[in-house]
Protein chains: 2
Amino acid sequence: MNLKLKITEMQRLSVEEFRESRKLPVVVVLDNVRSLYNVGSVFRTCDAFRVEEIIICGITACPPNIEIHKTAIGAEFAVRWRYFKDTEEAVNVLRSEGCRLYSVEQCQRSILPNQAVSESKGGKVALVFGHEVKGVQQSVVDLSDGCIEIPQAGTKHSMNVSVAVGVVVWEFFKEFLPQLADKSAR
Amino acid sequence: MNLKLKITEMQRLSVEEFRESRKLPVVVVLDNVRSLYNVGSVFRTCDAFRVEEIIICGITACPPNIEIHKTAIGAEFAVRWRYFKDTEEAVNVLRSEGCRLYSVEQCQRSILPNQAVSESKGGKVALVFGHEVKGVQQSVVDLSDGCIEIPQAGTKHSMNVSVAVGVVVWEFFKEFLPQLADKSAR
């Protein structure tokens, strides 16, 4: 028998403990993400992977918001966030705060998520994810140190943005797992 | 300048080409997934990662469905799928078809996604993902060869199921990328 864990066995953090915990040195930037469900889903993933901060830009909606709550299910109370009207300004501020900047986009010179993890050597990174149809703005790509691409081998041109956040942040989280595995470790 | 690719530069497959293409030897099983948006999002991810088949079980809705289409955006026309009323029956059929079976669940003896990739050594696998609240049924876990867990270090007890599909299938897809990179390679 391989029994499913009970919720009490999962040893999750309280919101207070989360706020004081050591974070993954990753900031997730949302460049004009339209769907409130996607924003909520990103909060939930960033809670699970203990992301340092979400930077909400442009038309992307901020909490508190009932539609965000439907997919964040409370993760929006744990993960720290800031809002910038202008994504270019946000990216410049993040650089001044010591972040290496990656746009997650299909570009001429993109690298794989795991290559970005190696390249950033444990330093703080900001990962920019874009609008559901238009992607990350070219002007923001131009301000980035590089582009990360999730290779795709199907018929559609892009992935869902909240799934893309999950895949890319997971690659960084994997590396930091031993260091984050304090209370949440089993 | 690191220019964003134009859609014509992405060299995606047509639906016909997709159907005839070499697939990732992964089958995604949805055990009573409630949300139509999640089902659609899973189709879109399975298109991108060229998954062999989606097995739709129980209360999980099947295409064609207008709500599934909103997040699948046509991926439901490319990816092959079958419906089983009973997930246990589906899992038994998949085993008879040569699949190694993993439930994606938080269990007493779970392994990491990358460990499952090593363990399955390129053979065909079926990955079972469960209901948004209840997860994979214990009876289906009991029929599995093992459990895959995405470690989580936050406040919430689980991840969004469509994000979990993205993370786990990505780990398998990464290994197969060189073999799948025919027309979709750049």
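Things worth noting here:
- Between A:Leu112 and A:Gln179, the contour length at 0.36 nm per residue exceeds the alpha carbon distance by 21.8 nm.
- Normalising by residue count, segment B:93-175 has a Cα convex hull of 97 Å³ per residue.
- Heavy atoms of A:Val165: accessible area, 1.4 Å probe, square angstrom to 10: 0
- Estimated inter-spin distance, B:Glu132 and A:Glu132, nm [label 7 Å along Cα→Cβ]: 1.6
- Kirkwood radius and radius of gyration were both taken over the C-alpha atoms of segment A:67-108, and their ratio Rg/Rh is 1.08.
- Counting only heavy atoms of the protein chains and using a 1.4 Å probe, B:Met10 has close to 20 Å² of accessible surface.
- Take each residue in B:163-176, count the other chain C-beta atoms within 10 Å of its C-beta, and the mean is 6.
- Shape class of segment A:1-144 from the Cα gyration tensor (axes a ≥ b ≥ c, square roots of the eigenvalues): prolate, since a/c reaches 1.5 or more and a/b is larger than b/c.
- When A:Ser96, A:Ser158 are compared by accessible area of protein heavy atoms, the largest-first order is A:Ser96, A:Ser158, using a 1.4 Å probe.
- Summed residue charge, Cβ within 11 Å of A:Phe77's Cβ, Lys/Arg positive, Asp/Glu negative: 0
- Between A:Gln11 and A:Arg95, residue separation times 0.36 nm minus the direct Cα-Cα distance comes to 26.8 nm.
- Other residues whose C-beta falls under 12 angstrom from the C-beta of A:Met1 contribute a net charge of +1, scoring Lys and Arg +1 and Asp and Glu -1.
- Neighbours of B:Val128 by Cβ distance under 9 Å: Lys/Arg scored +1, Asp/Glu scored -1, total -2.
- Look at the stretch B:45-52: the mean tally of other chain Cβ atoms within 10 Å of its residues' Cβ atoms is 5.
- Inter-copy label distances at B:Arg95 (7 Å, Cα→Cβ; nm, one decimal): 5.7
- Pairwise label distance in nanometres, A:Tyr83 with A:Asn65, each label 7 Å out on the Cα-Cβ vector: 0.9
- In nanometers and ordered shortest first, the copy-to-copy spacing of the B:Gln138 label point, defined 7 Å from Cα toward Cβ, is 5.8.
- CD proxy at 222 nm, helix term only [per DSSP H run n ≥ 4: -39500 (n - 2.57); per residue of chain A; nearest 500]: -11000 deg cm²/dmol
- Listing of segment B:1-43 residues, each with accessible area lower by at least 50 Å² in the full protein assembly than in the chain alone (probe 1.4 Å): B:Met1, B:Asn2, B:Leu3, B:Lys4, B:Arg12
- The loop-placed trypsin sites (Lys or Arg not before Pro) in segment B:42-87, going by DSSP, that have at most 10 neighbouring Cβ atoms within 10 Å of their Cβ come out as B:Lys85.
- Chain A, relative contact order in percent, only Cα pairs under 8 angstrom and at least six apart counted: 27
- Inter-copy spacing of A:Gly74 label points, which lie 7 Å from Cα along Cα→Cβ, given in nm from shortest upward: 4.1
- 24 Å Cα-Cα threshold exceeded, pairs from A:Lys23/B:Lys174; A:Lys85/B:Lys6; B:Lys23/B:Lys174; B:Lys23/B:Lys134; A:Lys156/B:Lys174; B:Lys4/B:Lys124: A:Lys23/B:Lys174; A:Lys85/B:Lys6; B:Lys23/B:Lys134; B:Lys4/B:Lys124
- For the protein assembly as shown, a/c is not less than 1.5, where a ≥ b ≥ c are the root eigenvalues of the C-alpha gyration tensor, and a/b does not top b/c. That puts it in the oblate class.
The values are calculated or read from the model by the stated rules, or taken from the named source; none is laboratory data. Since the structure is predicted, the reported quantities are computational estimates derived from the model, not experimental observations. Every residue, glycine as well, gets a Cβ built from its backbone with ideal geometry; the counts of neighbours run over all protein chains shown. Note: accessible area is taken over every heavy atom of the protein model, side chains too, but ligands, DNA and RNA are not part of it. Shrake-Rupley method; radii C 1.70, N 1.55, O 1.52, S 1.80 Å.
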